[in-house]
């Protein structure tokens, strides 16, 4: 089972790297979803590249969801099922209709945290939980989660508010997904963030204790000769 999860996380890491790169490019660097585009709402903008990337994500989420069901609950519990079902619905709708792709990609940027989460599992599995790499990775996960899954979602809600009139022009299913899915995912992100914060505090505290013990161990040998020399004087 561990080998299956190892391979599963490797696939999810590859997908995360791909979709994160595509999402960041399309949302922040390209002008596809720019307000400067003429004769079109940002909620209705799409391109062959954006649609293709969403298709890749749909394929990944469906495959991963199938594996979760097949090995349930070894690869993830109910929260993972809910997350993947919402993701499949939103990404597939945006891919097939071209509506709301901007908000779909904003949410997909949250996949930025996946490589760190998977690396944490790999380090734990290989017995490196007490390593400095594990600690650094935990800090990176905390920061990435805060930015990509908390702050970015705040920006997404603000963007929805600013473009409310455009979102209203979407199909009723699109409006439901745009206004319904992000809040649910945001709540899940906050819940998981709380667990990450507690885990990081525990890891930092443990690291501090180990550092103090190591320092004490290093001081002891240098103190022993002094004690012995005093005894012989």
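Brief remarks on what is shown
- Per-residue Cβ neighbour rank within 10 angstrom, fewest leading, 81, 91, 190, 58: 190, 81, 58, 91
- Applying 0.36 nm per residue to the separation of residue 29 and residue 7 and subtracting their alpha-carbon distance, the gain on full extension is 4.7 nm.
- By average C-beta atoms within 10 angstrom, highest first, the peptides 174-184, 160-170: 174-184, 160-170
- Between segment 47-91 and segment 23-37, the Cα center-to-center distance that results, in Å: 24 Å
- Label-to-label distance for residue 96 and residue 82 is 2.4 nm, based on points extended 7 Å past Cα in the beta-carbon direction.
- Correct option for P(r) over Cα pairs in 10 Å bins from 0, in percent [calculated from the coordinates] among [x] 7, 25, 25, 19, 16, 7, 1; [y] 7, 27, 30, 16, 9, 5, 4, 2, 1, 0; [z] 8, 26, 28, 22, 12, 3, 0: [y]
- Label sites at residue 69 and residue 122, each approximated as a point 7 angstrom past Cα along Cα to Cβ, lie 2.9 nm apart.
- Highest mean packing first, where packing is the average number of other Cβ atoms within 10 Å per residue, the peptides 119-132, 95-108 line up as 95-108, 119-132.
- Using 0.36 nm per residue and subtracting the Cα-Cα separation, the extra length available between residue 187 and residue 154 on full extension is 10.7 nm.
- Degrees separating the helix 132-145 axis from the principal Cα axis of the chain, which is the longest one: 30 degrees
- Shape category assigned to segment 77-156 from the gyration tensor of Cα positions, a/c cut at 1.5: prolate
- The simple spin-label model puts a point 7 Å past each Cα toward its Cβ; for residue 36 and residue 132 those points are separated by 4.6 nm.
- FRET efficiency for residue 52 and residue 176, using Cβ-Cβ distance with R0 set to 30 Å, rounded to 0.05: 0.75
- Mean residue ellipticity, 222 nm, helices only, the chain: the sum of -39500 (n - 2.57) across DSSP H runs of n ≥ 4, divided by residue count and rounded to 500, is -26000 deg cm²/dmol.
- Degrees separating the helix 48-70 axis from the principal Cα axis of the chain, which is the longest one: 60 degrees
- Only Cα pairs under 8 Å and 6+ residues apart enter the sum, and on that basis the relative contact order of the chain stands at 22 percent.
- The angle between the Cα long axis of helix 114-125 and the main principal axis of the chain comes to about 30°, on a 0 to 90 degree scale.
Every read-out reported here was derived from the displayed coordinates using simple, explicitly stated rules and does not represent laboratory data. These numbers come from a predicted model, not from an experiment. Cβ: placed from backbone, ideal geometry, glycine included. Neighbour counts: every protein chain shown.
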